[in-house]
Amino acid sequence: MLASIIQNLFNAFQWGSFYSLIALGYTLVYGVLRLINFAHGDIFMVGAYIAFFIATAILGMAMSLPGWMVLAMVIPATMILTALVGVSLERIAYRPLRRKGAHRLYVVITALMCGLVLENGNLALLGASRKSFPELVDKVVYSIGDVSMTNLKIGVVLSAVLVFIFLQFIVTKTKIGMAMRAISYDKFAVPLMGIPIDTVIVFTFILGSSFAGLAGLLFALSYPILDPYMGAMVGWKAFIAAVVGGIGDIRGAFLGGFLLGFVEILVVAVFPSTYRDLIAFAILMVILCIKPTGMFGVAGTTKI
Amino acid sequence: MLLEIKNLYVKYGNIEALHGISFNVDKGEIVTLIGANGAGKTTTLHTITRVPPPEGPKVTQGDILYKGQSILGVEAHKVVQDLHIALSPEGRHIFGNLTVEENLQLATYARNDHDTIQEDFKRVYDLFPRLYERRKQRSESLSGGEQQMLSVGRSLMTGADFIMLDEPSMGLAPLLMYDMFRALKELNSQGMTLLLIEQNARIALQFAHRGYVLDTGAIVASGNAKELMNNPDVKKAYLGG
């Protein structure tokens, strides 16, 4: 009994890590731009595909390389390229609207469309067939009593925690992080401090997208079947996790992701798995009813 | 001449807010723009800071020269970074979710002259000891007067040698108001050039060297502060008779 509880908890941590990594991107962009970047789930999908192409390319050129070495190259490359996609999106789709002072509604709709363009662009370019991700890491199973964990799952949880610590450091200790917090509080005064707003926004997209890319890579390693719509559902769920945590707040996104992971695993442990999303989201709705600003949200004032 | 506004016409959307105003500020001066609500005072400052449309006003005619160069093509953050012009905006606009110290630190974003930054910290804290006492506090917990000090301190920390102040007396009790103006005078005596916008014409003219009176987007009177204070029209309209 105890073993199965611990086992489930661990699985929840791993599952929640994906949500957390993606939710951080939603929350960062929201904090700075007051924009819900609905394309973010598809950035995650793009990240998984980028990882796929880089990994197969490296393996194609150098078959004999050990998996960990390939992974060491794939991780930074995926994060950089995914960040590039996120930044391009900002540049091509969101910035022109911002310059014209478009109402937020139009920017959100644009974000939704960007997501659809990414999904369907992928479908058009690569076809409907699913891609299977090469196995880069040899699976090692550690068993303690009846609880078993794999090196990969530990790696996933560790990555999420490291990203969170890194982000906390950026936001509290660096000037650009301070500028991100400042924008979320008072956008007007930021250029008056000699700070180029566009630089801060681009930096925010770099952070959010590279974490989504990392999540995509880790997801592909864990569940090695890729399809163009893989980001849609996960993206929605991560968005909900960010809102439940209190959108705009980094701790909120991080904990919200884990909370969603826990709730899902918990539901599956008790009920048939077809009930998972129904019950999980019902629970989250109850949480939002009780505290509409989310766990860490303080309505309108302290974001990021 | 440090700042020269030449026949400036400015629009917000389709509404013209300034109808060809001209004025200038010399190095080392305190110049004040006085006028009623809606006269175009804030618009004038926002035009100089180059905040882009849609938030900022659009220049349709005329020019703004700073040290003899037109600054109309300069980006907002470059006005601060490169020209060292700072604005302490109306309503203070401090970053309430940051501490006092973080607010000041953030204002040094574009600077990398580490030693001078430390001197400037000292300078701000000497000028406003209250800020030093409260440096670790979240700035939204400050009183109105302290927030105003922080707003001015932040302008200093950008490394500016020309600071524009939009209603620094707003919402302050008379005693605090005089403290604030004494601090500004002190800054001025250290060589800082100030352009001061005030609805409280009496105190502005008391501390300024020269002044301009702005009325519905046009300058209607100008002169040195003493003259303006004794000008019967100004007296009647802005100094309560």
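No value in this document is a laboratory result; all are computed from the given coordinates. All of these numbers come straight from a predicted model, not from anything done at the bench. Ideal geometry is used to build each Cβ from the backbone, glycine not excepted, and the neighbour counts take in all protein chains shown.
Using only alpha carbon positions, build the gyration tensor of the range B:42-182, then give the equivalent ellipsoid semi-axes as the square roots of 5 times its eigenvalues, largest first, whole angstrom.
Details: eigenvalues 139, 65, 35 Å².
Three semi-axes, in Å: 26, 18, 13.
By count of other Cβ within 10 Å, fewest leading, how are A:ASP249, B:ASP115, B:ASP120, B:ASP26 ordered?
Listed from fewest to most nearby Cβ atoms, that is B:ASP115, B:ASP26, B:ASP120, A:ASP249.
About the Cα centre, and with charges only on the beta carbon of Lys, Arg (+1) and Asp, Glu (-1), how big is the dipole of the range B:154-241? Nearest 20 debye, please.
Here the range B:154-241 has a charge dipole of around 220 debye.
Over every pair of different alpha-carbon atoms in the range A:64-157, take the mean of 1/r and invert it; report that Kirkwood radius in Å.
17.2 Å
Put +1 on the Cβ of each Lys and Arg and -1 on the Cβ of each Asp and Glu in chain B; which of B:LEU228, B:ALA160, B:PRO57 then has its Cα farthest toward the positive end of the dipole?
B:LEU228
Let me make sure I get this right: for the range B:1-95, a, b and c are the square roots of the gyration tensor eigenvalues over alpha carbons, sorted descending. Under 1.5 in a/c it's rounded, otherwise prolate if a/b > b/c, else oblate. Which is it?
rounded
About the Cα centre, and with charges only on the beta carbon of Lys, Arg (+1) and Asp, Glu (-1), how big is the dipole of chain A? Nearest 20 debye, please.
Values: 20 positive and 12 negative charges, 190 e Å.
Here the size comes out at about 920 debye.
As an exercise, identify the trypsin sites (Lys or Arg not before Pro) in the range A:39-104 lying in DSSP coil whose Cβ has no more than 11 other Cβ atoms within 10 Å.
Hits after loop and neighbour filter: A:LYS100.
For the range A:180-220, what is the convex hull volume of its Cα atoms per residue in Å³?
54 Å³
Based on other C-beta atoms within 10 Å, arrange B:LEU45, A:LEU192 from fewest to most.
With the fewest neighbours first, B:LEU45, A:LEU192 line up as B:LEU45, A:LEU192.
Sorting A:VAL29, B:VAL220, A:VAL234 on the 10 Å Cβ count, fewest up front, what's the list?
B:VAL220, A:VAL234, A:VAL29
For the range A:163-203, what is the per residue volume of the convex hull drawn over the alpha-carbon atoms, in cubic angstrom?
Each residue corresponds to 61 Å³ of Cα convex hull volume.
Assign one of three labels to chain A, namely rounded, prolate or oblate, based on the Cα gyration tensor with a ≥ b ≥ c the square roots of its eigenvalues; rounded applies when a/c is under 1.5, prolate when it is not and a/b is larger than b/c, and oblate otherwise.
oblate
Percent relative contact order of the range B:34-137, based on C-alpha pairs within less than 8 angstrom and at least six residues apart?
19 percent
Can you tell me the equivalent ellipsoid semi-axes for the range B:66-111? Use √(5λ) from the Cα gyration tensor, largest first, whole Å.
Largest first, the range B:66-111 gives 25, 12, 8 Å.
State the percent of C-alpha pairs, over all pairs in the range A:198-304, separated by a distance greater than 21 angstrom.
The share of Cα pairs beyond 21 Å in the range A:198-304 comes to 44 percent.
Once you keep just the Cα pairs under 8 angstrom separated by 6 or more residues, what percentage relative contact order results for chain A?
Across chain A, relative contact order equals 37 percent.
So, with +1 on the Cβ of K and R and -1 on the Cβ of D and E, and no other charges, what is the size of the charge dipole of the protein assembly as shown about its Cα centre, to the nearest 20 debye?
Around 360 debye, computed over the protein assembly as shown.
Let me know the mean shielding of B:103-113 by other chains, meaning the per-residue number of their Cβ atoms within 10 Å of its Cβ.
Shielding by partners across B:103-113 averages 4.
Highest mean first, how do B:140-146, A:238-244 rank when packing is the count of other Cβ atoms within 10 Å averaged over residues? Show your work: numbers first, answer last.
Working: B:140-146: 16.3, A:238-244: 27.7.
Packing order, densest peptide first, comes out as A:238-244, B:140-146.
For a test of the definition: using alpha carbon positions, the gyration tensor, and the 1.5 limit on a/c, classify the range B:196-241 as rounded, prolate or oblate.
On the way: a/c = 1.28, a/b = 1.10, b/c = 1.16.
Since a/c stays below 1.5, the shape of the range B:196-241 is classed as rounded.
Using square roots of five times the C-alpha gyration tensor eigenvalues, list the equivalent-ellipsoid semi-axes of the range B:141-241 in whole Å, biggest first.
25, 16, 12
Convex hull over the alpha-carbon atoms of the protein assembly as shown: what's its volume per residue in Å³?
With only Cα atoms used, the protein assembly as shown gives 184 Å³ per residue.
Regarding chain B, what are the three Cα extents along the principal axes, ordered largest first, in Å?
46, 41, 30
With respect to the cross-link table entries A:LYS173/B:LYS58; A:LYS100/B:LYS11; A:LYS153/A:LYS173, which display a Cα-Cα separation exceeding 25 Å?
With Cα atoms farther than 25 Å apart: A:LYS173/B:LYS58; A:LYS153/A:LYS173.
Return the loop-located trypsin sites (Lys or Arg not before Pro) in the range A:125-219 (DSSP other than H, G, I, E, B) with at most 10 other Cβ atoms within 10 Å of their own Cβ; answer none if there are none.
A:LYS139
Ranked from highest to lowest mean number of other Cβ atoms within 10 Å per residue, what is the order of the peptides A:38-49, B:61-72?
A:38-49, B:61-72
For the range A:1-157, what is the relative contact order in percent, using Cα pairs closer than 8 Å and at least 6 residues apart in sequence?
In percent, rounded to a whole number, it is 35.
In the range B:62-211, if the dipole is taken from +1 on Lys/Arg beta carbons and -1 on Asp/Glu beta carbons about the Cα centre, which of B:PHE181, B:VAL124, B:SER139 is farthest to the positive end?
Farthest along the dipole direction, towards plus: B:PHE181.
What number in nm² do you get for the range A:1-97 if you take the convex hull of its Cα atoms and divide its surface by four? Mind showing how you got there, number by number?
Values: hull surface 35.4 nm².
That works out to 8.8 nm².
Averaged over peptide B:51-57, how many Cβ atoms belonging to another chain are found within 10 Å of each residue's Cβ?
Numbers: counts 3, 4, 3, 5, 4, 2, 0.
Counting other chains' Cβ atoms within 10 Å and averaging over B:51-57 gives 3.
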